[in-house]
Amino acid sequence: MTTVTTMKSISYKNIASPKGFKATGIHCGLKHKKKDLALLVSEVPASVAGVFTTNVFQAAPLLVSKEVVQKTGKMQAIIVNSGNANSCTGKQGMADAYTMQQKTAEKLGIEPNLVGVASTGVIGEMMKMEPLLEGIQKLHPIDELEGAMGFAQAIMTTDTVTKNTSYKTTIDGKEVIFAGTAKGSGMIEPNMATMLGFITTDANIESNHLQAALKSITDVTFNSITVDGDTSTNDMVLVMANGLAENNTLTPEHPDWENFIQALHAVSQDLAKMIAKDGEGATKLIEVEVNGAASDEEAHKIAKTVVGSPLVKTAIFGSDANWGRIIAAVGRSGAQIDPSAIKIKIGDANVVEKGEPVQFSEEDLFNYLKQHEVKISVELNNGNGQGIAWGCDLTYDYVQINATYRS
């Protein structure tokens, strides 16, 4: 994508930064001590778009939110809990998700079909409704940083850090703000992943165009990360655009459409990389860039295969420049490959040229691989396709975290 000079990162990374949004997060009792209930609200009904897990087993709250996106096309609030996924919980789980929606609507004085619901946590346990419903009554969203940080903290599960980002751009001469908050640390293999992503903007755009934009951007951001190859039952990205920036309605024909796309892409990519970097037990963010593939789709497939390889991930954890694991992953990706044309770099160091090994300094690469961010570049010389994927190393701590997740 070309750079749009009007887009700038905002230092106060706040999901409530766009006009008309408020947020909060509290502890209601689903977890022992940490915050576990969050609310995001727009002053007015906002255009909404969403992308959802492809797992056949889809959690009750996800189905409720999907219904709002597909049938209403507008959303004014999102209620989120952590500590319980309300997934694989049958008819009672659906009833509980609708109750969350109904009670949040009553609390805010809005229609239930304007409320999205999201849950994250352990699968297969019934929701503790009494503390949750009491908690809903205690939610008081604000448009200040404190509320946004509370929201970001309350949606976390095994995350070690909150994930927030924000940008501003210019549309029709007006400042338009985009902000995002996400959670996600394990079971990250989207289409979609164990992640919840929430993006707000005060841009004026209809839901159908917002949905198309989100879908195309998701393919090269949220769907370009992997931690452990698993796909969860709950996960979604929701975008709310409330129009309070008062720009002319955005369409692909609008002269500033690219400004909108650039900002939405930047927020989505930031959140995706934060999730990959915070993989359970992770110590390093891995970026794999593939060029010269037969198509962008093929390049993306190769990048995902390499960054998702357990052998590549463990080599990176051990700071071992074992490029054989990289080339093996490329070869099993199912993409069109000319083995005699491939070039591989780890950082700035060439390790393979025309399919053959190149001498390199083991010491230099060992030192490079000890850094917190590692880049692998693959050049296929087989076309013009390009793709990038992000992931993390696989560590002892990942096993420990997931061996005791329900403890």
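Would you mind stating whether N291 is farther than 29 Å from T160 by Cα, open to solvent by 60 Å² or more (accessible area, probe 1.4 Å) and in contact (Cβ under 8 Å) with a residue 60 or more places away in the chain?
No.
If you go through region 93-126, how many residues are in contact (Cβ under 8 Å) with a residue 60 or more places away in the chain and either closer than 15 Å to K35 by Cα or not β-branched (V, I, T) (or both)?
Final tally of qualifying residues: 7.
So which residues in region 267-301 are among the β-branched types (V, I, T) and within 28 Å of F198 (Cβ to Cβ), if there are any at all?
V267, I275, T283, I286, V288
Considering only residues that are acidic (D, E) and either in contact (Cβ under 8 Å) with a residue 60 or more places away in the chain or crowded, with 21+ Cβ neighbours inside 10 Å (or both), which ones fall in region 127-159?
Scanning region 127-159 gives E134, D143, E144, D159.
Considering V80, V117, which residue is within 27 Å of A241 (Cα to Cα) and out of contact with any Gly (no Cβ under 9 Å at 6 or more places or on another chain)?
None of the other options fit; the residue is V117.
Any residue that is assigned to a strand (DSSP E or B), out of contact with any Gly (no Cβ under 8 Å at 6 or more places or on another chain) and not charged (D, E, K, R) - is there at least one of those in region 252-269?
No, there is no match, as no residue in region 252-269 is assigned to a strand (DSSP E or B), out of contact with any Gly (no Cβ under 8 Å at 6 or more places or on another chain) and not charged (D, E, K, R).
Only one of K301, K354, K345 is charged (D, E, K, R), surrounded by fewer than 16 Cβ atoms within 10 Å (Cβ to Cβ) and either free of Cβ contacts under 8 Å to residues at least 12 places away in the same chain or in contact with a Ser or Thr (Cβ under 9 Å, 6 or more places away or on another chain) (or both); which?
K354
Residue check, Q70 against (1) within 20 Å of L238 (Cα to Cα); (2) touching a residue at least 40 places away in the same chain (Cβ under 8 Å); (3) more than 20 Å from the chain's Cα centre (by Cα); (4) open to solvent by 20 Å² or more (accessible area, probe 1.4 Å), all met but one. Which one?
Of the numbered conditions (1) within 20 Å of L238 (Cα to Cα); (2) touching a residue at least 40 places away in the same chain (Cβ under 8 Å); (3) more than 20 Å from the chain's Cα centre (by Cα); (4) open to solvent by 20 Å² or more (accessible area, probe 1.4 Å), the odd one out for Q70 is (2).
Is it the case that V48 is open to solvent by less than 10 Å² (accessible area, probe 1.4 Å), farther than 14 Å from A241 by Cβ, touching a strand residue (DSSP E or B) at 6+ places or on another chain (Cβ under 7 Å) and at pLDDT 95 or above?
no
Name every residue in region 270-289 that is not hydrophobic (A, V, I, L, M, F, W, C) and not in a helix (DSSP H, G or I), in order of residue number.
D278, G279, E280, G281, T283, K284, E287, E289
Of all residues in region 29-54, how many are over 18 Å from the mean Cα position of the chain (by Cα) and more than 18 Å from S82 (Cβ to Cβ)?
Total meeting the criteria: 7.
Just to be sure I understand, how many residues within region 324-333 are in contact (Cβ under 8 Å) with a residue 24 or more places away in the chain and open to solvent by less than 60 Å² (accessible area, probe 1.4 Å)?
5
The values are calculated or read from the model by the stated rules, or taken from the named source; none is laboratory data. Values in this document were obtained by computation on a predicted structure and should not be read as measured data. For neighbour counting, all protein chains shown are included, and Cβ atoms are generated from backbone atoms with ideal geometry for every residue, glycine included. Accessible surface is based on the protein model in full, side chains and every heavy atom, while ligands, DNA and RNA are left aside. Shrake-Rupley method; radii C 1.70, N 1.55, O 1.52, S 1.80 Å.
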